[in-house]
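Once you've had a glance at the structure underneath, I'll fire off some questions.
The values are calculated or read from the model by the stated rules, or taken from the named source; none is laboratory data. Quantities reported herein were computed from a predicted structural model and do not represent experimental measurements. Note that we place each Cβ from the backbone using ideal geometry, even for glycine, and neighbour counts take in every protein chain shown.
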Amino acid sequence: MMRVDLGVDGQPVLARQGSMVLYQGKVDFSYKGAGMRGRIVGNATGQEMQLMRCSGQGQVFLAENAAELHPIELQGDAICVSAENVLAFDESLQHEVRRIEGHGIPGGALFTMQFQGTGTVIVKTQGTPVVLPVTPTTFADSNAIVAWSAGAQVIISSQVRLRRSAYPGHSGETVNLQFRGAPGNFIVVQPYEV
């Protein structure tokens, strides 16, 4: 579980609907409905998030399916996170969908959420993730990547593997992401494929 203290700085928090498991104090939950701020983006990108706004004074405890939770503090910098891995974030953070172009993948692109500014993003993972610096030979499975420095260059690399053990309807195709960037850039990968 992650405890969010409200009222300290007056900043509301946007959290995934249904993630509140306990709260104390005078907390207001306003569910974001159909609008762009309520649903970060449509289903077409796979980065849709149904959000609730937590405001007031008190403590809110958030959790989802016993996933491990990790707060990422941004100090004017930016990070890219798959919407599937976002549990909550400070409302003051700028957020948008970022498109990653690529050949040989369905739809021709992958999408991710980019958060920028000063505040916290709470990221959830299945299992304990590994955080690695970006090198010229850093590749990650697109189904296991959780987050990366927004300053890193991302290149989609589709590899087709013919396997006899591939189950019916599955081509055995995997999409890898190659990361490049200056020192200080990093990636976060979980030991689980979505």
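Listed here are the residues, each with its yes/no results for (1) in contact with a Gly (Cβ under 9 Å, 6 or more places away or on another chain); (2) within 30 Å of Val4 (Cβ to Cβ); (3) at pLDDT below 90; (4) surrounded by fewer than 18 Cβ atoms within 10 Å (Cβ to Cβ).
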residue: Ala88; (1), (2), (3), (4): no, yes, no, no
residue: Ser92; (1), (2), (3), (4): yes, yes, no, yes
residue: Pro106; (1), (2), (3), (4): no, no, yes, yes
residue: Thr125; (1), (2), (3), (4): no, yes, no, no
residue: Pro129; (1), (2), (3), (4): no, yes, no, no
residue: Ala147; (1), (2), (3), (4): no, yes, no, no
residue: Gly169; (1), (2), (3), (4): no, no, yes, yes
residue: Gly172; (1), (2), (3), (4): no, no, yes, yes
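For segment 54-71, enumerate the residues that are assigned to a strand (DSSP E or B) and of a type in the set (Asp, Glu). Let's see the steps before the verdict.
First, pick out the residues of segment 54-71 that are assigned to a strand (DSSP E or B): 54-62, 68-71.
Scanning segment 54-71 gives a single hit, Glu68.
What's the total number of residues in segment 131-145 that are aliphatic (A, V, I, L, M) and loosely packed, with under 13 Cβ neighbours inside 10 Å?
Step one: list which residues in segment 131-145 are aliphatic (A, V, I, L, M), which gives 131-132, 134, 140, 144-145.
With loosely packed, with under 13 Cβ neighbours inside 10 Å added as a condition, the list becomes 131.
Looking only at that region, the number is 1.
For Leu74, indicate whether it is at pLDDT 90 or above, closer than 20 Å to Tyr192 by Cα and assigned to a strand (DSSP E or B). If you could, list the steps in order and put the result at the bottom.
Working: at pLDDT 90 or above: yes; closer than 20 Å to Tyr192 by Cα: no; assigned to a strand (DSSP E or B): yes.
So Leu74 fails the test.
Give me the pairs: first residue in segment 67-89 and without any contact (Cβ under 8 Å) to a residue 60 or more places away in the chain, second residue surrounded by fewer than 18 Cβ atoms within 10 Å (Cβ to Cβ) and of a type in the set (Ser, Thr, Tyr), beta-carbon distance under 7 Å, and six or more apart or on different chains, which are they?
Between residues of segment 67-89 that are without any contact (Cβ under 8 Å) to a residue 60 or more places away in the chain and residues that are surrounded by fewer than 18 Cβ atoms within 10 Å (Cβ to Cβ) and of a type in the set (Ser, Thr, Tyr), the close pairs are Leu74/Thr118; Gln75/Thr118; Gly76/Thr118.
Matching residues to (1) closer than 21 Å to Val175 by Cβ; (2) under 12 Å from the mean Cα position of the chain (by Cα); (3) of a type in the set (D, E, K, R):
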{"residue": "Ile72", "(1), (2), (3)": "no, yes, no"}
{"residue": "Arg99", "(1), (2), (3)": "yes, no, yes"}
{"residue": "Thr112", "(1), (2), (3)": "yes, yes, no"}
{"residue": "Val134", "(1), (2), (3)": "yes, no, no"}
{"residue": "Val146", "(1), (2), (3)": "yes, yes, no"}
